[in-house]
Protein chains: 2
Amino acid sequence: MATIEDVARSAGLSRTTVSRVINDHPYVSIAKKKKVKEAMEELGYVPNSAARSLRNQRTGMIAVLIPRVMNPFFSQLIETLELAAAESFYQLIICQTQYSAKKELTYLNLLKTKQVDGVILTSAENDWSAIEGFTEYGPVILCNEFDERANVPMIYMDQQEAGYKATRHLIEQGHRKIAYCCGRFRSNVASAREEGFMMALHEAGLAFDEQYAFREAITSSDGTEIFRSIRGDSGRPTAIFTGSDEVAAGIVSEALRHGWSIPRDLAVTGFDNQVITELMNPRITTVEQPVREMALKTMEVLLERIRNRQYTGTERHQFSMKLIVRESTHMQAELAGIQ
Amino acid sequence: MATIEDVARSAGLSRTTVSRVINDHPYVSIAKKKKVKEAMEELGYVPNSAARSLRNQRTGMIAVLIPRVMNPFFSQLIETLELAAAESFYQLIICQTQYSAKKELTYLNLLKTKQVDGVILTSAENDWSAIEGFTEYGPVILCNEFDERANVPMIYMDQQEAGYKATRHLIEQGHRKIAYCCGRFRSNVASAREEGFMMALHEAGLAFDEQYAFREAITSSDGTEIFRSIRGDSGRPTAIFTGSDEVAAGIVSEALRHGWSIPRDLAVTGFDNQVITELMNPRITTVEQPVREMALKTMEVLLERIRNRQYTGTERHQFSMKLIVRESTHMQAELAGIQ
């Protein structure tokens, strides 16, 4: 088993420098950090967390609260968060809240019981007033989620812009009746997105028909159901905005099975740019979120807050989305070279 | 903040019984366990892990090593493992090995440094000889993975049966030239699957053409590439066995774009029964793994080993697969009522 001395020797640096890198001490040059990390990996050296914990009272653990790992958006987020955490010798604890407010509080308690050094909340199920108390024990960072009242860092995408741009694109394609789907209408994320959707309609002087609002659409089966519920209507929408690629794929798949032509008979937009959008034929227009960038910023801010023992104080990092236009909304998408 | 006494009062049980439930003590009736858990949830009581740890030297943490959370098979496995762990007040630490043998050892070290009570290995990157030493410090369970030499519990699906049955199905459809795709040919999982594939060919007196073995096919883009590489061949296969729904979907999607008819021009089987197989048109024939059942058995065995402090000793639980026949291999699949 390699020791810290072995690492120092192999890296050609002092034991103190190695120790500083391990304890995520500031003021160590990037070049030295790299040398130490390479030597550690080479020798298979693993910092003793118990010892580290005694020295600086840290656990080396970070809890990430997500609704479900099976949601591709969140699994992609975790992937990047985990890699960024490993860089600084932190391990992630993934906690599935399953959209339960009670489970969320149970996991937030990991901060209080000193089992983790920080918490990343990707989707808040409780009111901020119920969460706020935990910031006494360590940093809580909102990533993807945001809340006007939260006095902690928030890293999120401009959801209003996403709702607005995708809808404006549909209007530009000539659509006047547009349906709206979202997954969880009580969340701040969904409501900002809906604001953008409504803003685009309003700007174009279009009315929204509440009959075509589907606010609990999460899976591809939900998409199938939505298609079935509108297909017989004479005054049905000619386009659908969705908050999920799976829902969009479910709608497209079912419409094709009924002999509809997409986008001629129905235009559909997805959300998240998952693999499925490129596999469907026609390919699905979607919103690309800067998942990687948001994950890296979240980890950077969290580690800084842990290091400085600064648990409260607002800090906002808003990221922009990208609309990827494909054949499900634009007949000439490929020919026109739009991507 | 609720105390253990509050829980006892609310459940109408003694403090000792509550404590036994929290510490996962055997010999507590299921009815009492249920009462205590309900009271704990009702009151928002969270067992203090530090205190629990002092008493029984446990951390309440379990590490699950997976290649990548973004692989839907593994995210589905995690989902069930996490729910089963939470039932017994255990938290999961998800560790992404990214198929790196070094990272795997780093994470196995969590056992040695007493940061977790047990490890679930879903895909072993190291030889068993390199892993074995860690069983001195706590239980290591193989789930999905298996190794003839491992002296620990193994919970896995019969991969040979899966390879055999899917291939036999293709042969029954009249195919004589069948291509083979797998993701990682060095793993025991993949080699057992390939044995089954070869067994079915051999049984039917068919030869395998190594030119049509694709042993690093993981993503849908790999599927696209595979289609492109065979489409011009005059002696090309008429069917493809794949070890991944994404690869199968990539092949099908690209073939359709080239005007091919599936399964008439090419039959394709997937693996894992992911959502995408039902969204594609034609729907994709696939192998359904008993993910939920394997996850529950894994957690049951692991908790038992933690409780009894029994870290070595083989124990095998083999599960069976189910072939789901759909339109990508069987033209009349829907009409014939095969599902």
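Each reported figure results from applying straightforward, stated rules to the coordinates on display, with no laboratory input. Worth saying up front: this structure is predicted, and the values here are computed from it rather than measured. Cβ coordinates were reconstructed from backbone atoms using ideal geometry, including for glycine residues, and neighbour counts include every protein chain displayed.
Structure data summary
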item: Point-to-point label distance, B:Arg149-A:Lys102, nm (Cα→Cβ direction, 7 Å offset); result: 4.8 nm
item: Inter-probe distance in nm under a simple model that places probes 7 Å from Cα toward Cβ, at A:Asp127 and A:Ser191; result: 1.2 nm
item: Using a Förster distance of 30 Å, the FRET efficiency for A:Ala31-A:Thr3 (Cβ separation, nearest 0.05); result: 0.85
item: Other copies of A:Ile30: label-to-label distances in nm, shortest first, labels 7 Å along the beta-carbon direction; result: 5.8
item: Environment charge at B:Lys165 (Cβ cut-off 10 Å; Lys +1, Arg +1, Asp -1, Glu -1); result: 0
item: Volume of the Cα convex hull of the protein assembly as shown, divided per residue and given in Å³; result: 180 Å³
item: Restraint check, A:Lys102/B:Lys37; A:Lys102/B:Lys35; A:Lys37/B:Lys103; A:Lys102/B:Lys297; A:Lys297/B:Lys103, Cα-Cα greater than 19 Å; result: A:Lys102/B:Lys297; A:Lys297/B:Lys103
item: Point-to-point label distance, B:Ser261-B:Ala213, nm (Cα→Cβ direction, 7 Å offset); result: 3.4 nm
item: Ellipticity estimate at 222 nm from DSSP helix runs (n ≥ 4, -39,500 (n - 2.57)) divided over the protein assembly as shown, nearest 500; result: -13000 deg cm²/dmol
item: For chain A, fraction of C-alpha pairs farther apart than 32 Å, in %; result: 40 percent
item: Mean-position separation - Cα centroids, the stretch A:139-203 and the stretch A:286-310, in angstrom; result: 20 Å
item: At 7 Å out from Cα toward Cβ: A:His258 inter-copy label distances (nm, ascending); result: 3.4
item: Solution diffusion estimate, µm²/s, Stokes-Einstein, the stretch B:4-44, Kirkwood Rh from C-alpha pairs, 10 °C, viscosity 1.306 mPa s; result: 164 µm²/s
item: Interchain or long-range residues, amide H under 5 Å from A:Ile240's placed H; result: A:Ala179, A:Ala267, A:Val268, A:Thr269
item: Pairwise FRET efficiency - B:Gln332 versus A:Arg176, Cβ, R0 = 35 Å, nearest 0.05; result: 0.25
item: Förster-model FRET efficiency, 25 Å R0, B:Glu203 and B:Gln318, C-beta, rounded to 0.05; result: 0.70
